[in-house]
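Input: a single structure, listed below in structure tokens.
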Amino acid sequence: VSHEFKTPINAIEGYTMLLQGEELSPDQEEYVEKILFNTQRLSGLVGNILLLSKLENQNIPMKKTEYRLDEQIRQAFLSLETKWTEKEIGFQVELEEVKYTANEGLFMHIWINLLDNAIKFSPSKGTITMFLKQEQDSVKFILEDEGPGIEDDVKSRIFDKFYQVDGSHKAEGNGLGLALVKRIVDSAGGTIKAENREYGGCRFVIELPKQKDEII
């Protein structure tokens, strides 16, 4: 069903983008922007459902290449520049050079989803902290924000499909991002956990198994 949704959604998005080039009244421009925004949200939802389904049914060819994890995280960070500049969020970043062998396309979903969440829940002019480092038996990525944190009674559910922490944020997501992240991390033999910082905010910690033949 999700696959069949893609064609009409793409058609609506394409025609809506064509309307943006027309001479429109301010009200019409606003309507077109809203159609495009919601169509793109729907397209993202369908894409995430398909990807999660493929992951759960192991229908994705796990083509792996060696690449720089630190560079990929920087790319994800830059791709969200509009969002974090809008909220005037600052960053503290310490990324060690890490070469890793994985499915590069899938791993990008990890960094995009986690960073997007951190930006979404961070206060204006807050600070997001990122670490990537080699340890003796693993590669560890840590992402911290200064948001409201996670209530104890929902910590065990935030990686569930379609689960959203707070009803006030329903318009901003579809509850699939963290489920995707966990499934991708699991497929790589890693672990992910979420915890509240003792001085406020939330911390996500990903540990990936260190590869015997990786080049450091």
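FYI, it's all coordinate maths here, none of it is from the lab. Fair warning: this is a prediction, and the values are worked out from it, not measured in the lab. Methodologically, a virtual Cβ is constructed for each residue, glycine included, from the backbone with ideal geometry; neighbour enumeration extends over all protein chains shown.
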Using a Gaussian network model of the chain with C-alpha springs under 10 Å, which one of I12, I206, I158 is most mobile by mean-square fluctuation?
I12
Output row, site Q211, 7 Å Cα→C-beta label point, backbone N cut-off 15 Å, window segment 83-126, residues 98-108
Loop-only GluC sites (Glu not before Pro) in segment 82-122, please: DSSP not H, G, I, E or B, and at most 11 other Cβ atoms within 10 Å.
E88, E97
Ratio of Rg to Rh over segment 2-56 (Cα coordinates, Kirkwood Rh, two decimals):
1.12
Proximal aspartates and glutamates to K83, defined as alpha-carbon separation beneath 13 angstrom and excluding residues fewer than eight positions away on the same chain:
D116, E172
Can you pull the one-decimal nm distance between simple spin-label points at Y31 and K54, each 7 Å off the Cα toward Cβ?
3.7 nm
Checked segment 3-109 against the a/c 1.5 cut and the a/b vs b/c comparison, axes a ≥ b ≥ c from its Cα gyration tensor; verdict oblate
Cα-Cα over 22 Å: which of K125/K155; K63/K210; K133/K193; K99/K133?
K125/K155
Taking the Cβ of G201 as the centre, find all other residues whose Cβ is under 11 Å away and add up their charges (Lys, Arg: +1; Asp, Glu: -1).
-3
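To the nearest 0.05, what FRET efficiency results for N10 and E198 with a Förster distance of 41 Å applied to their C-beta separation?
The computed FRET efficiency comes out at 0.30.
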Over what distance in Å are the Cα centres of segment 63-113 and segment 30-55 separated?
22 Å
In units of 2.2 N^0.38 Å, what is the alpha-carbon radius of gyration of the chain?
1.10
Using the Karplus curve 6.51 cos²θ - 1.76 cosθ + 1.60 with θ = phi - 60°, what ³J(HN,Hα) values do you get for each residue of segment 127-135, in whole Hz, with x for Gly and Pro?
10, 10, 10, 10, 10, 9, 8, 7, 10
